[in-house]
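Structure first, commentary second.
The values are calculated or read from the model by the stated rules, or taken from the named source; none is laboratory data. What you see is a predicted model; the values in this text were computed from it and never measured. Please note: Cβ atoms are built from the backbone with ideal geometry, for glycine as well, and neighbour counts cover all protein chains shown. Surface accessibility is based on the protein's heavy atoms, side chains included, excluding ligands, DNA and RNA. Shrake-Rupley method; radii C 1.70, N 1.55, O 1.52, S 1.80 Å.
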Amino acid sequence: MRTWVHHADEKNLKYFVSLFLVLQIGRESLRAVTVTDELHEILDLVQVEMECGYVGYFVWGYYLAYIRLSGRIKKWIYIAFVPGILANVILSNGLTRHYGTPMVTIYDSYGIFTFLIVTGLFVFAQDFLEGKQFSNKSRAVIEEVSADTLGIYVMHIGLLQILQSYGMDSMMLPNIVGIPLLSVICFLTCMFVAAILRRIPVIGKYIC
């Protein structure tokens, strides 16, 4: 995928991202607000493996980083940020009351509001950090974390599953404490392992 995105033109990237938005974000958002088996079966028919997965976010992230969005689109993303957060909460609570069972799939990584939120955070980080001057020490930290992100991404689910097998999860403590604490532990542990692996000859060049 890295080779493809480096050689793809803007039209190719837009086409891929469009498929991701329709076939994954749109499909999963619709699935989140419905519970009928018939509709779920229909939605399963339009699953395209290449676009329907986290690889779509990989290409979207590349597009945001290197192609950039126009100022007008960025403005609408910023406008949608806070309403997106509120919509997730309101819609989830409303669906839960309506169906009488917890309905939290709208919070899924592929939910439309979650997509808008993470896109808004990404774009904000770009705009905030662009042209900002950092000390040598801060730059070194940022570059180290950046180099480890792929390793962190690849390992974090496995680590969470290992911790859970030992009874360690966010439910051990109130969510307001347990979730941030587990996130920090997972992030730092995966980053430590990724940093070591990156420095091993032969292996390192394939994970950074």
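Of the residues making up segment 164-186, those that are surrounded by fewer than 16 Cβ atoms within 10 Å (Cβ to Cβ), in a helix (DSSP H, G or I) and within 22 Å of the chain's Cα centre (by Cα) are 164, 175, 176, 177, 178, 179, 180, 181, 183, 184, 185. Could you list, in sequence order, all residues of segment 18-55 that are under 20 Å from residue 150 (Cβ atoms), in a helix (DSSP H, G or I) and either open to solvent by 70 Å² or more (accessible area, probe 1.4 Å) or at pLDDT 90 or above (or both)? Passing the criteria: only 20. Of (1) at pLDDT 90 or above; (2) more than 18 Å from the chain's Cα centre (by Cα), residue 63 satisfies all except one. Which? All conditions are met except number (2). Close Cβ contacts (under 8 Å, 6 or more residues apart or on different chains) running from residues in segment 82-110 that are farther than 16 Å from residue 34 by Cα to residues that are part of a helix (DSSP H, G or I) and small (Gly, Ala, Ser) comprise 84/120.
Looking across segment 108-118, the residues that are part of a helix (DSSP H, G or I) and either in contact with a helix residue (DSSP H, G or I) (Cβ under 6 Å, 6 or more places away or on another chain) or over 23 Å from residue 78 (Cβ atoms) (or both) come down to 112, 113, 115, 116, 117. Contact map, segment 158-185: first residue free of Cβ contacts under 8 Å to residues at least 24 places away in the same chain, second residue open to solvent by less than 70 Å² (accessible area, probe 1.4 Å) and in a loop (DSSP other than H, G, I, E, B), Cβ cut-off under 8 Å, separation 6 or more or different chains; pairs are 163/169; 178/169; 182/169.
The condition of being out of contact with any Leu (no Cβ under 8 Å at 6 or more places or on another chain), part of a helix (DSSP H, G or I) and over 30 Å from residue 24 (Cα atoms) holds for only one of 147, 140, 125, that being 140.
In segment 119-144, of all residues being free of Cβ contacts under 8 Å to residues at least 60 places away in the same chain, out of contact with any Lys or Arg (no Cβ under 7 Å at 6 or more places or on another chain) and surrounded by 14 or more Cβ atoms within 10 Å (Cβ to Cβ), the one that is farthest from residue 58 (Cα to Cα) corresponds to 124. Suppose the filter is of a type outside the set (Phe, Trp, Tyr), outside any helix (DSSP H, G or I) and under 25 Å from residue 28 (Cα atoms); does residue 103 pass it? Here the answer is yes, as residue 103 does meet what is asked. Being in a helix (DSSP H, G or I), of a type in the set (S, T, N, Q) and either open to solvent by 40 Å² or more (accessible area, probe 1.4 Å) or farther than 29 Å from residue 188 by Cβ (or both) is a property that holds for residue 92. Scanning segment 1-13 for residues that are loosely packed, with under 14 Cβ neighbours inside 10 Å and part of a helix (DSSP H, G or I) yields a total of 8.
Look through 72, 68 and report the one residue that is modelled with pLDDT of 85 or more, of a type in the set (Lys, Arg), open to solvent by 50 Å² or more (accessible area, probe 1.4 Å) and under 30 Å from residue 4 (Cβ atoms).
Step by step, each of 72, 68 is checked, and only 72 is modelled with pLDDT of 85 or more, of a type in the set (Lys, Arg), open to solvent by 50 Å² or more (accessible area, probe 1.4 Å) and under 30 Å from residue 4 (Cβ atoms).
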